[in-house]
Amino acid sequence: MGGGEKAIEKQAKMGKLTARERIISLLDKNSFHEYDLFVEHSAKDFGMESKKLHGDGVIIGTGTIKSKPVCIFAQDFTVAGGSLGLMHARKITKIMDHALKMRVPLIGINDSGGARIQEGVNSLAGYGEIFFRNTLASGVIPQISVILGPCAGGAVYSPALTDFVFVVENISKMFITGPSVIKSVLGEEISMEELGGAKVHAEITGNAHFYAQTEAECFEQIKSLISYIPRSNAKKALSYPAKAPLKGKKVESIVPVDPRIPYDMRDIIKSITDGSDFLEVMEHFAPNIIIGFGRMDGETVGFVANQPMVLAGVLDCDSSDKAARFIRYCDAFNIPIVTLEDMPGYLPGVDQEHAGVIRHGAKILYAYSEATVPKVTVIIRKAYGGGYIAMNSRHLRADFVFAWPTAEIAVMGPEGAANIVFRKEIAEAENPEEMRQEKIQEYKEKFANPYVAAAQGYIDEVIEPKDTRARILHALQVSENKSVFLPNKKHGIPPF
Amino acid sequence: MSEKKELKELVVQGAVYQTKYTKKFEQRTFWEAPDDRLIYSFIPGTIIDIYVKPKQKLIEGEVLLLLEAMKMQNQVRMPFDGEIVKIHVKKDEVIPNRHLMVEIKRK
């Protein structure tokens with residue numbers, strides 16, 4: 001019964017399920033087995049000695065999702081606000097150790113007021129032990145954090161160290177310092193929702209990877225994600241029966257020839273995935289790049305694709321962070337990466353430069369270079385300048401690089417290039433604008449195509465758009481036993 | 001959250017692209033060259049004390065006022081030799097971040 005009827009009623013009034021209801025909704029029917037139900041805290045100060053906290057405010061156990069085993073913990077807000085004391089933390093670290101040892105995914109449902117102040121420094125020790133294990137397990141087993149209540153102060157760092165963070169509208173709240181502290185110290189007034197609500201983390205901070213309207217929708221997202229990813233870094237994701245893409249939009253009719261006119265890149269992804277299914281990750285953050293999972297011939301594939309519909313698909317600080325982390329995720333968990341490219345370069349602006357677009361942009365280069373999973377690139381339209389190199393080019397060791405006939409691989413776009421290369425001619429012309437247009441056209445004809453790069457072998461093949469799926473599939477088949485070795489090292493120093 | 005927005009123009013390397021903006025992009029702040037004769041607060045806080053008066057001549061490093069924030073009394077100092085032109089804050093005033101506190105001029 002957790003914290004008793006009254007507390008459960010209060011939880012329901014906030015639109016929240018109880019910890020146990022959440023576990024039962026998420027796991028396969030009758031699959032949950034609980035441990036440490038009888039654990040009690042041993043705190044003696046501030047009247048704690050006379051207080052009994054059921055299960056010490058957290059439920060831990062094992063179960064299955066779509067028949068795949070998982071370890072899970074769920075903080076129980078109805079018991080002392082889900083506050084984290086020593087035994088509460090010990091239960092969590094016990095199930096974390098279990099997950100790591102057994103090589104199964106770990107799911108943490110966070111709903112806690114934070115450290116149990118009465119337990120003092122022992123609470124802090126508890127958090128530290130959790131963070132350490134999150135780091136240890138990173139890249140070994142999938143770690144999923146579900147924020148279904150407050151998650152404040154030090155507590156936010158556990159989700160931040162895990163692979164995927166799920167948030168739900170009006171329920172999730174994450175921040176380091178809450179609105180009341182901010183107001184008293186700094187005089188800034190802001191609501192919890194505006195400071196660290198679900199939308200904020202899905203759209204602005206990039207702390208959340210999946211955003212849902214309800215807990216039920218959130219659980220469906222988790223189940224879907226679990227179906228795409230392997231149990232551990234020693235396994236491949238499970239295969240599903242192959243399906244053809246739906247007969248929706250014809251892939252060859254999606255892309256306008258004029259590189260300045262946008263389209264929705266998701267239409268291309270859906271035209272090549274099994275059943276046109278695509279589980280988009282971080283949909284609302286930096287939407288100028290798209291990342292997510294799909295299947296091709298039943299096997300999981302990670303997609304990284306520029307989105308011309310938003311900010312012309314440019315690379316910037318946020319989109320670089322978003323893509324780079326996803327690439328590293330796929331690489332850690334043996335998921336081949338398909339890159340679809342249509343991007344005019346980096347976003348110009350003082351704000352970008354001062355925000356460190358150099359080190360942020362470098363993350364993509366690092367992530368692609370380092371990744372040893374099969375890497376296939378399809379250049380749909382624009383591939384200019386530094387962005388061309390970054391988007392899994394041959395030079396970063398793409399295994400296969402295909403280009404559509406509409407592809408333009410060039411050191412920069414025709415407009416910019418003409419201004420530089422033909423500066424003198426344009427300046428000295430009788431009608432500079434006319435000359436400029438003429439030179440842009442000249443450059444376009446010579447360089448805005450895939451054949452210059454193809455002549456160097458930087459592109460393996462110019463393909464018909466309608467053959468895209470077949471060519472990627474073949475490339476992935478050929479790459480199945482890919483085996484490359486990086487120099488031995490403790491670990492690299494990626495740009496942060 | 002993904003409501004259809006009107007297509008707008010974005011210029012990258014001389015080419016004009018039709019595209020949508022993100023909220024973050026629309027809300028970006030534009031850079032202005034800083035004016036070192038204007039001393040702004042670097043953190044929200046309370047003016048605990050003011051040690052100088054207009055027209056007073058000071059040398060670099062002299063303390064102008066105390067700005068308390070995060071339980072710390074920050075000394076705001078003269079960045080170069082010069083003179084106080086105007087003081088824009090009062091003792092015990094609570095001010096936000098990037099608030100103009102003092103105007104100065106070079107010697």
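The values are calculated or read from the model by the stated rules, or taken from the named source; none is laboratory data. Computed from a predicted structure; not experimentally measured. Note that each Cβ is placed from the backbone with ideal geometry, even for glycine, and that neighbours are counted across all protein chains shown.
A few comments on the model shown:
- When B:Val76 is tested against (1) assigned to a strand (DSSP E or B); (2) within 9 Å of chain A (Cβ to nearest Cβ), exactly one condition is not met: (2).
- Among (1) outside any loop (DSSP other than H, G, I, E, B); (2) of a type in the set (D, E, K, R); (3) more than 24 Å from A:Lys270 (Cα to Cα) - the single one A:Lys490 does not satisfy: (1)
- Restricted to the range A:97-122, and to residues there that are polar (S, T, N, Q) and assigned to a helix (DSSP H, G or I), the residue that is farthest from the chain's Cα centre (by Cα) is A:Gln118.
- When each of B:Glu103, B:Glu60 is tested for being over 30 Å from A:Ile190 (Cα atoms) and exposed (fewer than 14 other Cβ atoms within 10 Å of the Cβ), the lone residue that passes is B:Glu60.
- Scanning the range A:225-238 for residues that are touching a strand residue (DSSP E or B) at 6+ places or on another chain (Cβ under 9 Å) and part of a loop (DSSP other than H, G, I, E, B) gives A:Ile229, A:Pro230, A:Arg231, A:Lys236, A:Ala237, A:Leu238.
- Only residues that are in contact with a Ser or Thr (Cβ under 7 Å, 6 or more places away or on another chain) and either assigned by TED's automatic domain parsing to the domain that holds A:Glu203 or closer than 23 Å to B:Gln27 by Cβ (or both) were counted across the range A:285-304, and they come to 4.
- The set of residues in the range A:274-292 that are of a type in the set (Phe, Trp, Tyr) and either surrounded by fewer than 24 Cβ atoms within 10 Å (Cβ to Cβ) or over 10 Å from the mean Cα position of the chain (by Cα) (or both) contains only A:Phe278.
- Scanning the range B:44-64 for residues that are in contact with a strand residue (DSSP E or B) (Cβ under 7 Å, 6 or more places away or on another chain), among the β-branched types (Val, Ile, Thr) and under 20 Å from B:Glu83 (Cβ atoms), we see that the one that is farthest from the other protein chains (Cβ to nearest Cβ) is B:Val52.
- Flag if B:Glu83 is among the acidic types (Asp, Glu), assigned to a strand (DSSP E or B) and within 20 Å of A:Ile182 (Cβ to Cβ): no
- Members of the range A:326-352 that are charged (D, E, K, R) and more than 9 Å from every other protein chain (Cβ to nearest Cβ): A:Arg328, A:Asp331, A:Glu341, A:Asp342
- Number of residues in the range A:238-265 that are surrounded by fewer than 13 Cβ atoms within 10 Å (Cβ to Cβ), of a type in the set (A, V, I, L, M) and within 14 Å of another protein chain (Cβ to nearest Cβ) equals 1.
- Wholly enclosed strands (runs of 3 or more DSSP E) of the range A:153-224 bearing at least 2 residues surrounded by 15 or more Cβ atoms within 10 Å (Cβ to Cβ) and more than 14 Å from chain B (Cβ to nearest Cβ): A:164-168, A:173-175
- Residue that is modelled with the highest pLDDT, among those in the range B:47-83 that are among the acidic types (Asp, Glu) and over 16 Å from B:Glu103 (Cα atoms): B:Asp49
- Some residue of the range A:266-280 being touching a helix residue (DSSP H, G or I) at 6+ places or on another chain (Cβ under 7 Å), under 22 Å from A:Ala383 (Cβ atoms) and facing another protein chain (nearest Cβ under 9 Å): no
Conditions tested, residue by residue: (1) within 20 Å of A:Pro344 (Cα to Cα); (2) surrounded by fewer than 19 Cβ atoms within 10 Å (Cβ to Cβ).
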| site | (1), (2) |
| --- | --- |
| A:Ile420 | yes, yes |
| A:Glu428 | no, yes |
| A:Glu434 | no, yes |
| A:Pro450 | yes, no |
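- Options A:Leu53, A:Leu100; residue that is surrounded by fewer than 23 Cβ atoms within 10 Å (Cβ to Cβ), at pLDDT 95 or above and out of contact with any strand residue (DSSP E or B) (no Cβ under 6 Å at 6 or more places or on another chain): A:Leu100
- Scanning the range B:20-31 for residues that are under 16 Å from the mean Cα position of the chain (by Cα) and either surrounded by 11 or more Cβ atoms within 10 Å (Cβ to Cβ) or outside any loop (DSSP other than H, G, I, E, B) (or both) gives a single hit, B:Trp31.
- Helices (runs of 4 or more DSSP H) contained in the range A:368-456 and holding at least 1 residues within 14 Å of chain B (Cβ to nearest Cβ) and closer than 16 Å to A:Val304 by Cβ: A:385-390
- For the range A:292-301, the criterion of being in contact with a Leu (Cβ under 8 Å, 6 or more places away or on another chain) and closer than 15 Å to A:Leu396 by Cβ is met by none of the residues.
- Of the numbered criteria (1) over 30 Å from A:Tyr211 (Cα atoms); (2) surrounded by fewer than 18 Cβ atoms within 10 Å (Cβ to Cβ), the one B:Ile95 fails is (2).
- Scanning the range A:466-476 for residues that are out of contact with any helix residue (DSSP H, G or I) (no Cβ under 8 Å at 6 or more places or on another chain) and in contact (Cβ under 8 Å) with a residue 40 or more places away in the chain yields A:Arg471, A:Leu473, A:Ala475, A:Leu476.
- Residue in the range B:32-43 that is assigned to a strand (DSSP E or B), within 12 Å of another protein chain (Cβ to nearest Cβ) and touching a strand residue (DSSP E or B) at 6+ places or on another chain (Cβ under 6 Å) present: no
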